[in-house]
Amino acid sequence: MMTYAKSEMMSATDMVRNFSSVLGSLSNGENKRVVIVKNNRFEAVMITVEEYEKMSEAVSILEKIYASTKRQ
């Protein structure tokens, strides 16, 4: 399980009220991710497109490695 700093967590209500500033903090590198909490549960994580693309590429590489090891 991942751990998150308090500064990375935000309620869904606060996210709605402060969306532009949260997006700005991600864009300028102040935050790497923001975890959105609703009813005391982690519901979503907001990241930049650049981070998402890196993660998607990593998943794609891992899937290819896994597929190649299953065939052997």
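The values are calculated or read from the model by the stated rules, or taken from the named source; none is laboratory data. Please read all numbers here as calculations on a predicted model, not as lab measurements. Glycine gets a Cβ as well: all are built from the backbone with ideal geometry, and neighbour counts include every protein chain shown.
Worth pointing out:
Here is a yes/no grid of residues against (1) modelled with pLDDT of 95 or more; (2) in a loop (DSSP other than H, G, I, E, B); (3) loosely packed, with under 10 Cβ neighbours inside 10 Å:
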residue: MET1; (1), (2), (3): no, yes, yes
residue: MET10; (1), (2), (3): yes, no, no
residue: MET15; (1), (2), (3): yes, no, no
residue: ASN31; (1), (2), (3): no, yes, no
residue: VAL45; (1), (2), (3): yes, no, no
residue: ALA58; (1), (2), (3): yes, no, no
residue: ALA67; (1), (2), (3): no, no, yes
residue: LYS70; (1), (2), (3): no, no, yes
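- Identity of the residue in region 17-29, surrounded by 13 or more Cβ atoms within 10 Å (Cβ to Cβ) and of a type in the set (A, V, I, L, M, F, W, C), that ends up nearest to the chain's Cα centre (by Cα): LEU26
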